[in-house]
1. Once amide H atoms are placed 1.01 Å from N in the peptide plane, what residues at a sequence separation of 5 or more from Leu161, or on another chain, have their amide H within under 5 Å of its amide H?
2. Using the Karplus curve 6.51 cos²θ - 1.76 cosθ + 1.60 with θ = phi - 60°, work out ³J(HN,Hα) for each residue of the stretch 54-67 in order, rounded to whole Hz, and write x for Gly and Pro.
3. May I ask you to order 91-103, 165-177 by the average number of other C-beta atoms within 10 Å around their residues, highest value first?
4. Would you compute the Debye intensity of the stretch 53-150 from its alpha-carbon atoms alone, equal scatterers and no solvent, and pass along log10 I(q)/I(0) at q = 0.17 Å⁻¹ to two decimals?
5. Once you treat every alpha carbon in the stretch 46-96 as an equal point and sum by Debye, what is log10 I(q)/I(0) at q = 0.14, 0.31, 0.32 Å⁻¹?
6. Net charge around Asp157, counting only other residues with Cβ within less than 12 Å of its Cβ (Lys, Arg = +1; Asp, Glu = -1)?
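Coordinate-derived values only; no laboratory data. These figures come from a predicted structure and were not determined experimentally. Neighbour counts run over all protein chains shown; Cβ positions are idealised from the backbone, glycine included.
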Amino acid sequence: MSETDTATTVDAAGSGLPPAPGAEQYPALDLANSAIALPGGQFLDALGTPSGANQWLVDHNLAPADAGMQEICAARLRSLREQVRALLAAQVGGHPAPATALAAVNDALTRVPTASPLGWDSVRGMHRTAPHPIDQIVDQALGILAADAADLLTGPDAERLTACPSNPCNRYLLRVGRRHWCSVRCGDRARAARAYARRTQTTTD
């Protein structure tokens, strides 16, 4: 079950959050953060609709504005997101990489079209076939994002990868100095929670 199945999904444009540190450098990190958990059980999903997924790809120079994304294509993008998140979680937690997540990323890496396959029918006989243009765009985008995720997880920045500790935030980021929050908002919320806990403890004592 994905995180979107357990929370109320609202318009992703209303988050007001800047990209997490590192997300502008690694599109795969921004992909992982394209579904944001917020207080109150709300969930912002930039890929929740075909038009949203299309716009996300356009914003990352991975598709033209008129690509005409369909739900099946948006679902493939969301699926890769969940597998990338599983790999990031394993990296941050020091756990073995899930085999299903590795398989999904490797599958995306190998699906990038390099040549048109050979086909046959009774009218044309032998001929070269071409994938549906949208499928081709999505395959290319998924391959680029999968390669980017692999670069992040195997490169020097992997040691800087962390999860934002501000509950209920579910974003990943690259640590910059002592900063380990994904945004000022999350840092302020965490500090407020600590202050409240201290006041409560003092009152109890």
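1. Counting only residues 5 or more places away or on other chains, the set is Arg175.
2. With coefficients 6.51, -1.76 and 1.60, one gets 4, 5, 4, 5, 4, 4, 9, 6, 10, 6, x, 4, 9, 5 Hz.
3. Going by the mean number of other Cβ atoms within 10 Å, highest first, we get 165-177, 91-103.
4. Debye intensities relative to I(0), on a log10 scale: -0.80.
5. -0.41, -1.09, -1.13
6. For residues surrounding Asp157, the net value is -1.
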